[in-house]
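Enquirer: Encoded as C-alpha cells, here's the structure I'll be asking about.
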Amino acid sequence: MECNAAVWVRDGSQTWQQGTVVSSKQDDGDTRLVTVRYDGNGEEASYRLTAAEADEGEGTKHIKLRNVKGQASVEEGAAVDDLIVLTHLHEPAILFTLEERYGQDIIYTYTGPILLAINPFWRVPLYSNKILEQYRRDGLNKTFDPDFQSNLPPHVYATADNAYRLMTNPTSERQKRNQSILVSGESGAGKTETTKIIMRYLAILGGHDSQALLEGDSSIVSIEQQVLQSNPILEAFGNARTVRNDNSSRFGKFIEIDFDKEGFLIGAAIRTFLLEKIRLVHTSEQERNFHIFYQMLAGATPEHRASWRLSPDPRLYHYINQSNCYTRRDGVRDADLWGELQQAMLVMGLSEEEMESVFRCVAGVLNCGNLDYADAHTSKTDELMGLLQEETRSFAAATAELWCVAMEDLVSAMTSRTVRAGHEKFTVYLDANKCRHSRDALCKAVYSGVFDWLVAKVNETIDKQRGGTGGGSSPTGTNLFNWSSSSPRSSPKALGTTSNMFIGLLDIFGFESFHHNYYEQFLINYANEKLQQQFNHFVFEMEQEEYKREGIKWDFVEFPDNKDSIELIEARPAGVLCLLDEQCIVPKATDQTFAGNLYKHLSSHPRFKSGHDLRVDYKFMVQHYAGDITYETEGFLEKNRDTLHSEGIDLLNSSSSPLLTALGSSVLLQAHARGRATRRWYQATRRLNAAVKLQAFVRSRVRQRRYARLRVAALVVQTFVRCRLACRAYDRKRLRTIVLQCQWRRKVARQELLLLKREAAKVSALQAQIEAFEKRFREKEEEMRRQQEEAIAKALADAEAAAKAAAAAAAAKAALEAEEERKRLAAEVEAKRLKDLADAEAQRVREAIEAEAVKARAQAEAEAAEARALAEAEAAKARAAAEAEAAAIRAAAAEEAEKVRAAAAAELARERAAADELRALLAAQEAMRKQRGVGRCGANTCRNHTNVSPIPPLHAGQKCDSSYLGKLSIVIDKAYVSQTGRSGNPHVAYRIRVKTARRSWTVERRFSDFVWLHETLAEALSNDDLPQLPPRRI
C-alpha cells in the first residue's frame, strides 16, 4: 500500500470514509505504519499493517483499497452492473456502488447469480410492457444463440427469464432440473412486490394468451389470470401494515408455478406457513391488523355491513383499535382494495354463498373480539369465574348469529372447561383473564381456518382449470386439513416421475430482531438460518468442491458457517425445538420450566447465552449468523401447542355454517394427527434415551471390569513384595523380642508374687471387719424387732382395755395391727436397705483395694524397668500407701455404720411417738363417745360433729406408700362409724403435698375419701416419675 493510494477508512462501527495514504513507513519487525488523510475533513489517522496486508492491498478491517483508476481494472460506482467484476470486493466498495446506483434510480445489481434489489419506495418506471418485452426478446435470443451476450441492465425480469430458459431449454445436463427463486430480505425490502412481478412475468412467458395479460384484460378468465389473481386474496387476509412496510406479508409462502413440457403454464400450487396469528389479537403501535378488516369496513355497502353486524368506524372494535392506526401511508385506499378482492374472488371461482360464508366468519371474529368478562365469585365456592359483561352482550349475539351457533354455547365455550376424571365429567369455570384467552384462541382458530380454506380454494380452482379432478375440495367437506398440507405434486419424488416442470417462488420473512422477540421471531429466524445454510452450501461449498474436483487453483474462501446455530435449534434430543416439544407433553409445564430446561441442557453450547440478567426474566440469547438475538420465553408453550380446546371444537361443529363445520372437523383431525405424531416422537425419544443410558452403562461396566482386573494384579504384586520384606523384618525383631520377654517376665513374676501376698492379707482383714459389722447389724435388727413386738403387744393391750364396745374394740385392734404391720414392714425395708448399703460399701472397698493394687503393681513395674536399685524403695512406699488407704477405708466404714445406727434409732423414736399420739387420740375419742352416748345422732350431735378436729392421716414430711394409705383409710372409717353410728364415707379435710424426684404438687380436698389420693400415687408410680427413690415409695 503505497503513498497517494486511494483507500476506504472505517469511521465508526458502520460508516466508511474516503481517504488517501500520505505515508507508509517500515515499523518494528514485519509491520508497516500507514498514515491516511480523510478526504472530507483533512484529518489524519495511522494504522499498523503487516507486510502481507500492505503488499496485497486488501488492508485490514479498518482500511481498504478503493476501486479507482490506476488501482483497479473496473472503477466502483453506478456503472458497475455486477459486483463480482470489482478488483477489490469488500464492504465499502459494495456499499458505495449500491448507493451510487440507487441515487440514479438503478435499484437492481448483480452479484453473480444473485440479484440485489433496494426498495425505492416509489413506483419507478421499470416494469412497463416495453421493458418486459425487451427482456423476453433477450431471453429468446439466448435460447437460439448460447453465445449471445445481453446488454440489458440487471432486472428481476432477467432473473425470472433465466430460470424459465434453464427449465425449458437446458444448456447442460446439470441444468435439467426444476428451478427455484428465493426472495428473501428484511421487512419492507419489497419481497412481496418482487414475487408478484416474477409471477406476472412467468405467466406472460408461459401463457397461452400473453397479450391479454399485457393489456390487463380481466374479462378473459384464464389459468394465468387466476394465478395472478390469487395475490389480492392472500394479501387481504395475510398482509398488514408494519412499522417499515404498509403491505408486509405476515406469512410465508411457496408458490409452485407448473409448466408442461412445451413451457406453457398449466397451473400453480400455493403452500403457506407461519401465519402471524398473534397479530389478530394483539397489534403493536404504528401497525395495523390484517387488511381484510379495514377493507370490509371501508368498502362494503351499508346493506352488507348491516347483515354482517358491522359499523364503519374501526375504533369500535378491540382487535383493530389497539394501535390507533387505521390508514396506510402508501396512498392505497382500503375501499379500492375491497373491489379488487371481490373481483379476484370471482376470478378464482368463489360463489356468492362461499364469499358470504367467508365474510360472515371474518365479521364474527371482529365482533367476538369485543367480548369482555369480569370476575365474580361462584355461589358454592369462593373461586373466581368470568361473567360476560352486559355492555358486550350485543356483540356476543352478533357473533353467534354470524357463526350460526347458539349464544349460550358461544359464551359457555369461552367461560368453562369440561374435565374428565375417569368416567366422570366436571365443569371448571374460568376466571376473566382465562376467558379472554379462550376468546382469542377461538378467534385465531377461525381466522387461520378461513385463511387455509382460501388457500386451498385457490389451489383447487387452478387445479380444476388445468384439468384436475379437484375431488373432495368442496368447502362443505370435512377434509379441510388436507388443503393446508403439502400437495403430492410438490414433493421432489412426484415431480421426478412426471413430464411437467415447475418454478418455485419462496417468499419468506427476512431476519427479524425487535426490542421484544417471541416465538414468531424465533421460527422466522430459524427459517432464515436454514436458508443461509442452503446459500452457503450452493454458493461456497459446492463451487469450491467443483474447483477441487476439476483441479482448478483457487484461494479458499472463508464464510460464516451456521451449522452449530442450526444444531442448537433442531438437534435431538437436546435442541431448543426438541425441548419445547417435550415440555408441551409434560403435565403442568410452564414457560418458566421450559426456560429452566434450556438453561440446564444448553448452557454449555457456544451459540447459546443465558446470563444471570437473562435468567431473571426467563430469557435466552441465540447467536445467529446475522447477530445475537434475545428471546423471551413468554407464550412459547401455548403458541407451539396451537390447540383449540374441545369446547371450541364442539362449538364449531355445532354451527349450521358448512364452512365452520368443516373448520371444526379439520381442527379435530389436526389435533389427532398432532397427538399421534407427538406420541410417536415421545416414544422414540424415550427409546433413544434408554439406548444412550444402556450404552453408557455398558461402557462403564467394561471400564470397571478392566480397572478391577488391573487393580487386582497390581495389588497381588504389591502384596507379595511387602510380605517378603515384612517376613524378614519380623524374623529379626521376633528373636530380639523373645529374649527381652523372657528376662522381663522373670522379674515381673517375682514382684507380682510379693504383691499378691500383701493384697491377700489386706483382703482378709477387710473381710473380718465386714463380718463384724454384719454381726452387729443383725444384733441391732433383732433388738429392733423385739422392741416392735413389745410395742405392738402393748398397743393391742391398750386398745382392748380402751374399747369396751365390740365395734370400737375391733376397729382399734385393726388399726393397731395395721400400724404395727406397717412398722414391721418399714423396719424390714430399712434393714434391707442398710444391708444393701453395707454390701455396696464393702464392694466399693474391695474394688478400691484392687484398683490401688493394680496401680501399685503398674507403678512398681515401671520403676523396676527404669532402675533395679529403686524398685525396693518404691515397693516400700506402695506398701505404706496401701496401709494408709486401708486405715482410711476402715475409718470411713466405721463412721458410716455409726450414721446408720443413729438414723435407725431416730426412725424408731419417731415411730414410737406416732404410736403414742395415735393411742392418745383414740383415748380422747373414746372419752368423747362416752360423754355423747352411742348410736344416737341428733341435730345437736351433728352440729358438734362439724367441730371435731380432723384426723390427720399423714404427718408432714412423712413418706408413705399405697398399702399404708389403705390401712389408714380403714382406721378412719371405723373411727367415723364408732363416733356417728352411721356408715358411709367420712367427711375429712386434708392437704397433702406429693413430691417426686421430678416434680411436686399439692392436693387439697374436703369431701372425699382416699380413693383420689390412691389414684394420684398410682399415676406417679406408673409414669416412672420416681427414678431416684426405691420402688413403690413416695
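Enquirer: Which of the peptides 251-261, 616-626 is most tightly packed, and how do the rest follow, judged by the mean count of other Cβ atoms within 10 Å per residue?
Expert: Sorting 251-261, 616-626 by mean packing, highest first, produces 251-261, 616-626.
Enquirer: Something else about it: Expected output is a single nm value to one decimal: the length gained when fully extending between Phe426 and Lys609, i.e. 0.36 nm times separation in residues minus the C-alpha distance. What is it?
Expert: 61.5 nm
Enquirer: May I pose another question? Tell me which residues come under 5 Å, amide H to amide H, from Thr50 once H is placed; ignore anything under 5 positions away on its chain.
Expert: Amide H neighbours of Thr50: Arg32.
Enquirer: How far apart, in nanometres, would the label points at Leu89 and Ile131 be if each is projected 7 angstrom from Cα along the Cα-to-Cβ direction?
Expert: Each label point lies 7 Å from its Cα, and together they span 2.6 nm.
Enquirer: Around Glu783, under 12 Å between beta carbons, what's the net of Lys plus Arg minus Asp minus Glu among the other residues?
Expert: +1
Enquirer: Please go through the residue pairs Lys530/Lys693; Lys277/Lys639; Lys444/Lys639; Lys780/Lys823; Lys747/Lys877 and name each one whose alpha carbons sit more than 21 Å apart in this structure.
Expert: Among Lys530/Lys693; Lys277/Lys639; Lys444/Lys639; Lys780/Lys823; Lys747/Lys877, the Cα-Cα distance tops 21 Å for Lys530/Lys693.
Enquirer: How high is the relative contact order of segment 531-656? Use alpha-carbon pairs under 8 Å, at least six apart in sequence, and give a whole percent.
Expert: 19
Enquirer: Here's something else I'd like to know. Among residues other than Gln295 whose Cβ falls under 14 Å from its Cβ, what is the net charge (Lys/Arg +1, Asp/Glu -1)?
Expert: Summing Lys and Arg as +1 and Asp and Glu as -1 gives 0.
Enquirer: Here is a further query. How many angstrom lie between the C-alpha centres of segment 97-147 and segment 1-22?
Expert: 32
Enquirer: Now a separate question. What's the ranking of 509-517, 333-341, 735-743, 778-786 by average number of surrounding C-beta atoms within 10 Å, highest first?
Expert: Peptide ranking by packing, descending: 333-341, 509-517, 778-786, 735-743.
Enquirer: What pairs in Lys191/Lys609; Lys61/Lys563; Lys434/Lys609 have C-alpha atoms more than 29 Å from each other?
Expert: Lys191/Lys609; Lys434/Lys609
Enquirer: Same structure, new question: Please sort 74-80, 286-292 by packing, taking for each peptide the average over its residues of neighbouring beta carbons within 10 angstrom, highest first.
Expert: For the peptides 74-80, 286-292, the packing ranking is 286-292, 74-80.
A short reminder: the numbers here are calculations on the coordinates, not readings from a lab. Everything quoted here is computed from the prediction, not taken from an experiment. For neighbour counting, all protein chains shown are included, and Cβ atoms are generated from backbone atoms with ideal geometry for every residue, glycine included.
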